[in-house]
1. Give the residue that is surrounded by the fewest Cβ atoms within 10 Å (Cβ to Cβ), with candidates limited to residues of the stretch 1-60 that are out of contact with any Pro (no Cβ under 7 Å at 6 or more places or on another chain), among the hydroxyl-bearing types (S, T, Y) and closer than 15 Å to A73 by Cβ.
2. Kindly indicate whether D4 is out of contact with any helix residue (DSSP H, G or I) (no Cβ under 8 Å at 6 or more places or on another chain) and touching a residue at least 24 places away in the same chain (Cβ under 8 Å).
3. Just give me the residues in the stretch 1-26 being assigned to a helix (DSSP H, G or I), of a type outside the set (K, R) and over 12 Å from the mean Cα position of the chain (by Cα), in sequence order.
4. Restricting attention to helices (runs of 4 or more DSSP H) lying wholly within the stretch 28-79, give those where 3 or more residues are under 11 Å from the mean Cα position of the chain (by Cα) and modelled with pLDDT under 95.
Amino acid sequence: MTADDRARGHLAYLARKARRASGLSDDAFAVAYGLPPETVRDWENGHHGGTVGGDPATLAYLRVIAAMPEAVANIIRAA
């Protein structure tokens, strides 16, 4: 397994963890957190544009959603 494979796996893990913590489908998750549905699906498959394994901001956003899904959704709704 290469470093790129591990990075993609980590992104996919964090995306699935965040979505599971929210209790939402991928489409509902996308709406709740201001993301295109395709992006959520890409993340769950370990893909992130031109950045292998996601950029630091994406990884941090997913970690925060996983830790506090309702609070983040409320902030996004209020923005």
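1. Selected residue: S25.
2. Yes; evaluated as a whole, the condition is true for this residue.
3. Within the stretch 1-26, A3, D4, D5, A7, G9 qualify.
4. Counting at least 3 such residues, we get 37-44, 56-67.
The values are calculated or read from the model by the stated rules, or taken from the named source; none is laboratory data. Quick caveat: nothing in here was measured; it's all calculated off a predicted structure. All Cβ positions, glycine included, derive from the backbone under ideal geometry; neighbour counts span all protein chains shown.
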